[in-house]
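I have placed the structure first, in the form of structure tokens, so that the comments after it can refer back to it.
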């Protein structure tokens, strides 16, 4: 599909450019590999040591490492934008496509799809490893459509990272900020009394634990929302963060 104006790149053109950049930047596959290693490596450890709570499910135990994977996914999202600021490539990107919102939308699409595919593959491999290594006495849980929801959680977390990278532009600062934002609801929730059940659920980790049917997903720890509404909340937060990032990106100099 070609752009309507030959001299003005359309969404498909920008999307192709962003995909090409992602494939050629060495940090991208390394970050995705680290994310998969967190998820699958912990699943293998849990299976080898049978370190699973009696009331937990194989799905929940196998996805214990997915919480660490989410932090890597957030870092991946940060680097998609902040990496261009670090190298100065952002100037060429915005010169080629002055429609900054279009650039951010293309980056968001590439980030979301990449993390969905990588997250689903890693979590499926982790579940299969856990199912093969853990004894039959544990409940298996319901992997589908839960694994699809977990993969969407990876995408939403990456989009939060992309928004942070766009707003802050500095990789280290943005990674620190987004990791703190992901962990803060769980860490601060117990300090807020009756509000804990609501605040604690406003984190991708909480949505992940609910979707994974983990025994750790008690309402007082991960909030009162159900698994899919919790995922919807994280998606809404990612959308709001991206809208804020688009507004800032459109106003400031590259």
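Going residue by residue through region 61-79, is there one that turns out to be modelled with pLDDT under 95 and over 24 Å from residue 160 (Cβ atoms)? Yes, region 61-79 contains at least one residue that is modelled with pLDDT under 95 and over 24 Å from residue 160 (Cβ atoms).
The residues of region 94-125 that are farther than 28 Å from residue 213 by Cα, part of a helix (DSSP H, G or I) and without any contact (Cβ under 8 Å) to a residue 24 or more places away in the chain amount to a single one, 95. Taken over region 80-98, the residue count meeting the criterion of being surrounded by 16 or more Cβ atoms within 10 Å (Cβ to Cβ) and out of contact with any helix residue (DSSP H, G or I) (no Cβ under 7 Å at 6 or more places or on another chain) is 1.
For region 188-198, the count of residues that are closer than 17 Å to residue 239 by Cβ and touching a helix residue (DSSP H, G or I) at 6+ places or on another chain (Cβ under 9 Å) is zero. Scanning region 28-63 for residues that are touching a residue at least 12 places away in the same chain (Cβ under 8 Å), exposed (fewer than 14 other Cβ atoms within 10 Å of the Cβ) and touching a helix residue (DSSP H, G or I) at 6+ places or on another chain (Cβ under 9 Å) turns up 48, 50, 53.
Inside region 1-18, residues that are surrounded by fewer than 16 Cβ atoms within 10 Å (Cβ to Cβ) and modelled with pLDDT of 85 or more make up a count of 2.
The values are calculated or read from the model by the stated rules, or taken from the named source; none is laboratory data. The shown structure was predicted, so the numbers you read here are calculated from the model rather than taken from an experiment. Glycine gets a Cβ as well: all are built from the backbone with ideal geometry, and neighbour counts include every protein chain shown.
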